[in-house]
Amino acid sequence: MAFPYDKFQKMMGDLYFRNVVFFPPDLKDALYKAYERETNEVAKEHIKVMFESIKISEQKNVPVCQDMGMQTYFVHIGPKMQVDGYKIKEAIKKGVRECSNGRQWRKTLSHPVTRLKDGQQVSNTHPHIYWDWIKDKDYMEIMCISKGSGSENQSFHAMLVPAQGMSGVKKFIIDSAYAAGG
């Protein structure tokens, strides 16, 4: 029997949708435990707002954040499967494109040189796919993770001289936070 690439494509779009709308029970449980332990009232209120956002997201079938994020798919394939890796890659990309284009979500992906957004949430290298193989299996395991682009808008990178030590690290962090503004 031939691999159902068309059904797989829809599944990958559905996986992406579920990833940005529904939170896993263990994550909600961890947030709840953090809320229960938190003693600072401002921090506690922030966690409460997170819970409310998750609840609204799941009730209305909308992403918990307007940022669609950058998707990474982890694809683990058993060597006993008869699949075409290129078709798997294209099905993932098409699934992401159809899922994002069918909704009024904020598209975050832009051209790396021109910074223009074409309204597509895919490119030659996005979504990123990590490939691995499962020994002696005849099935595939796939996980999708979306990483938001908000906090990364102000990312900084530096190579410090080892002699700068911890004081150099602290100075870099403070200078970076100051340069970021808000």
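Every number in this text was worked out from the coordinates using simple rules, so none of it is lab data. For clarity, every value in this text was computed on a predicted model and none was experimentally measured. Neighbour counts run over all protein chains shown; Cβ positions are idealised from the backbone, glycine included.
Looking across region 66-87, the residues that are assigned to a loop (DSSP other than H, G, I, E, B), surrounded by 15 or more Cβ atoms within 10 Å (Cβ to Cβ) and in contact with a Lys or Arg (Cβ under 9 Å, 6 or more places away or on another chain) come down to Met68, Gly69, Gly78. Looking across region 48-63, just one residue is of a type outside the set (Gly, Ala, Ser), surrounded by 17 or more Cβ atoms within 10 Å (Cβ to Cβ) and either touching an Asp or Glu at 6+ places or on another chain (Cβ under 8 Å) or free of Cβ contacts under 8 Å to residues at least 40 places away in the same chain (or both), and that is Ile54.
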